[in-house]
Structure formats: structure tokens, C-alpha cells
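Asker: Submitted below is the structure of interest, expressed as C-alpha cells.
The values are calculated or read from the model by the stated rules, or taken from the named source; none is laboratory data. A quick note: this is a predicted structure, and the numbers were derived from the prediction, not measured. As a convention, Cβ positions derive from the backbone with ideal geometry for all residues, glycine included, and neighbour counts pool all protein chains shown. The area values use the complete protein model at the heavy-atom level, side chains included, leaving out ligands, DNA and RNA. Shrake-Rupley method; radii C 1.70, N 1.55, O 1.52, S 1.80 Å.
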Amino acid sequence: MAIFVNKNTRLVVQGITGRDGSFHTQQMLNYGTKVVGGVTPGKGGTEIFGVPIFDTMDRAVKATKANTSMVFVPPPFAIDAIYEAAESGVSLIICITEGVPASDMVGVYNYLKMKGIQLIGPNCPGIISPGMSKVGILPAQIFNKGPIGVISRSGTLTYEVVFNLSEKGLGQSTTIGIGGDPIIGTNFIDCLEAFENDPATEGIVLIGEIGGSDEENAAEYIKKNLTKPVVSFIAGQTAPPGKRMGHAGAIISGSSGLAADKIKALNAVGIPVAEIPSQIADLMAEKLAEYRKRKAKKKAAAKKKATKKTAKKKAVKKTAKKKAAKKAAPKKKAVKKVAKKKVTKKKVAKKKVAKKKVVKKAAKKKVAKKKVVKKAAKKKAVGKKTAKKKVAKKKARKKAGRKK
């Protein structure tokens, strides 16, 4: 994860054939950024580094499905380039151009807000999400992927701080140079909100400078909305009042924009402010360790709570089961009793049937015996009769012999 630019960023470079535009386009291509097109009026239909060039932003976006534009156009034409990009349908515009009139920026700012288009800059070094995409002039070799989000009003100070962070083993999720002009499209609060919602970011470095009240507003926002650790540095601590220091926005007017006031506001909400840029990495490492410890403790407590909740649920379930079993026991017993009675009844009925069969068998045997006895008696009677006849025959023969 990262904020504003990632692997899905499809970039069109406005002013791609100019000295700076062509040089940084090549650097971005080497880094792996998806530069899908460029715009230079009158050079449509040609190519540079294999990137197609179009006459207008409208044609470029329609042909390439680009979602991001980078403005490398001279100051007199930069405002028109931003309006053209906004009309083409991109959702993010990064304006590198320095020297854009503040009076013109007022109209641009309100117009883009109304259309829901995000502008980074003008007068900024761009943005990089290490390992994913680089849009701007930042030196890619000093950036490493990691958990620290960096927001800065200064360009070169950003590079020094990032170099020290990388040396300390603290890589970056996204580094964004918001620009040093008085009116810019994306401010500290916009970036702080995005980093707070970014799962890959665990700590934030805020590099401010004298002039304006952005740092004070950021301090107030951090107090109310941020849970992640923030460390800061304010540039221009030794600047004399009324003198512009590098950027158009870096100027102390009367009593506003003082470095001391910004440091005081940040310290008041628990944000440590480094005295020199090289201290930031150590401050961040310390704050990050505390944050991770706190997070681990919170996670362990949540796990413990969840375990307890689960155990409680199980106990409630067990109790409910026992109660249900207790309630169902008499019914179960009655059902068992009825089942037992049925079995007993069946057994008794079976025994009766078996007894009847035995009695029937015995009666059958008796009848058979009677038949045998009757048969024997009949046989005896027949024998007796035959014997009697024989005797009567003998007697008759004897009588007949006497008569002769």
C-alpha cells in the first residue's frame, strides 16, 4: 500500500520534449513508472523513449487511459496546462513548475476542488512510492521501501532526511513534496489523513518551514485525529523577519510564520522537533519502537479479551447444553420406560406363541398316539376274529370227519 501513486499509476507528461521534461521522463521510465504518453503541441504522432506524443491532453488520455498528469511546462503556460489536464479526465495532477503566480493559483485551486481533482504542487519535487512508482524529479536511489511516510515543503531537505532514514533502515511507504508556494493543491492535513488510513505506514515525518500557518494547523489536526507517531523538523529557524528564504511561501510576515511558534505548536501535541535534519532518523526510530510496543500490547490485550469471550461463550453453551439435557432427562426416561414395556410385551407375546405351539405339538402327538393305539387294537381284534374263524373251521372239519 501507499498514498496517491502506486503500481496502477498511468502517467502523461506535459512538456515531455523539453530539456527537463525529457530528462526526468527517462529517469521515471528507468525506475519503472508507467509513463504512457506525453503532450507537446505540434509534435503529436511522434515518440520519445518509446513513449507516444500527443498534441493535447484530451487525445493523450483517451488513447492511453492515463489517470495522472505531470506538468513540466514553463510558468507562463503552467496554469493553462493544469486546466487542460483537469478537463482531460485525470484524477491527479503533479505540477513541478516553479514561479506560478499565486493570484492565478487561487482560481486553479477552487476549480480543482470543485471538480474533485487532486493537485500536488506547484513548485514541488513530486512524489514517490518506493518499488511502485515515481512521479517527479526525486533521486530514486536514496529511497527504500518501508513503513515511514514523509511529507515536506522543501525539496532538498527531503532528500537529506530520506537518505538518513534509509541509512537507519527506515524505508518509506510514500514520500511527497507538497511544494513551497503560498497556495498549493495538497497540504499537510491532506497527506496526514491519507497516511493515517494507509496500512503500510507506521510513522510520519513532517518537514515544515517558516511562513504561513500550515504546521500549526497540522499540529491541531494531529492532536484530534492521528494515532501514528509523528516527528518533525522546521527549516528556517535562523531566518530574519521579512526576508524570503528560497521558497515564495518561506517568509516571516510580522509575527506570523515564525519557526519558534511552529515548534511550540508541534511540541504542545507531543511531536518532537529535531534541531538538525540528521536527528530525525533517531527520533523516528525511538517513536516507532514505542508505537510498535504499544500496538503489540493492544493486540495482546485484544487477543486475551477475545479468548476470554470465546471461553465465556463455550461455558454458556455448555451450561445451556447441561440444562437442556437435564430438562430432557425425564422425557428420555419415560421414552426408555415405554420402549422397555414394549420390549417386555413383545417378549411375553412371543413366549405365549411359543407355548401355544408346544401345546399344539403335544396335542398333535396325543392324537397320533391314539391313532396308533386304535390301529393296534383294530389289528388285535382282526387277529382274534381270524383265530376264531380258524378254530370254528377246525371244529367244522372235525365234525364232518366224524360223520363219515
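Asker: Quickly work out the residue 295-to-residue 58 label distance, labels modelled 7 Å from Cα along the C-beta direction, and quote it in nm with one decimal.
Answerer: 4.7
Asker: So what is the accessible area of the chain per residue, in Å², with the probe set to 1.4 Å?
Answerer: 61
Asker: Taking Cα centroids, how far is segment 347-399 from segment 119-143 in Å?
Answerer: Their Cα centres are 128 Å away from one another.
Asker: Same structure again: Mind checking the full-extension length gain between residue 34 and residue 378? Use 0.36 nm per residue of separation minus the Cα-Cα distance, one decimal, nm.
Answerer: Going from the current span to full extension adds 111.1 nm.
Asker: Ok, one more. Once phi is turned into θ = phi - 60°, what whole-Hz ³J(HN,Hα) does the Karplus curve with 6.51, -1.76 and 1.60 give for every residue of segment 102-119, x standing for Gly and Pro?
Answerer: Result, rounded to whole Hz: 4, 4, 6, 5, 4, x, 4, 4, 5, 5, 5, 4, 4, 7, x, 9, 8, 10.
Asker: Rounded to the nearest 0.05, what FRET efficiency is calculated for residue 313 and residue 336 with R0 set to 25 Å and r the Cβ-Cβ distance?
Answerer: 0.20
Asker: Mean separation of Cα pairs under 8 Å and 6+ residues apart, divided by the residue count of segment 1-150: what relative contact order is that in percent?
Answerer: RCO, segment 1-150: 23 percent.
Asker: Extension gain residue 23-residue 91, at 0.36 nm per residue separation less the Cα-Cα distance, in nm?
Answerer: Between residue 23 and residue 91, full extension yields an extra 22.0 nm.
Asker: Among 22, 232, 154, which one moves the most in a GNM of the chain with springs linking Cα atoms closer than 10 Å?
Answerer: Judging by the Gaussian network model, the answer is 22.
Asker: For the chain, which whole percent of the accessible surface, found with a 1.4 angstrom probe, sits on carbon and sulfur atoms?
Answerer: 59
Asker: So what is the relative contact order of the chain, in percent, for Cα pairs below 8 Å that sit 6 or more residues apart?
Answerer: 10
Asker: Still on this structure: Run the simple label-point estimate for residue 83 and residue 354 please: 7 Å along Cα→C-beta, distance reported in nm.
Answerer: Roughly 11.2 nm, to one decimal.
Asker: Under a crude label model (7 Å from the Cα following the beta-carbon direction), how far is residue 369 from residue 390 in nanometres?
Answerer: Here the modelled spin labels are 3.2 nm apart.
Asker: List the relative contact order of segment 72-160 as a percent without decimals, with contacts defined as Cα pairs under 8 Å and 6+ residues apart.
Answerer: Relative contact order, segment 72-160: 23 percent.
Asker: For a paramagnetic label modelled at 7 Å from the Cα of residue 225 toward its Cβ, which residues of segment 135-165 fall within the zone defined by backbone nitrogen distances under 18 Å?
Answerer: Inside the label zone: 149-153.
Asker: Quick one: what are the phi-derived ³J(HN,Hα) couplings along segment 69-77, Karplus 6.51/-1.76/1.60 with θ = phi - 60°, whole Hz, x for glycine and proline?
Answerer: Per residue, the Karplus-derived 3J(HN,Hα) values read 10, 10, 9, 10, 10, x, x, x, 10 Hz.
Asker: Is it possible to state the helix-based mean residue ellipticity at 222 nm for the chain, with each DSSP H run of 4+ residues giving -39500 (n - 2.57), the sum divided by total residues, to the nearest 500 deg cm²/dmol? What is it?
Answerer: Rounded to the nearest 500, the figure is -19000 deg cm²/dmol.
Asker: Right, something else. When the chain is modelled as a GNM with alpha-carbon springs shorter than 10 Å, which of 348, 36, 12 fluctuates the most?
Answerer: So, out of 348, 36, 12, the one fluctuating most is 348.
Asker: Enter the Cα centre distance for the pair segment 1-37 and segment 195-231, rounded to the nearest angstrom.
Answerer: 27
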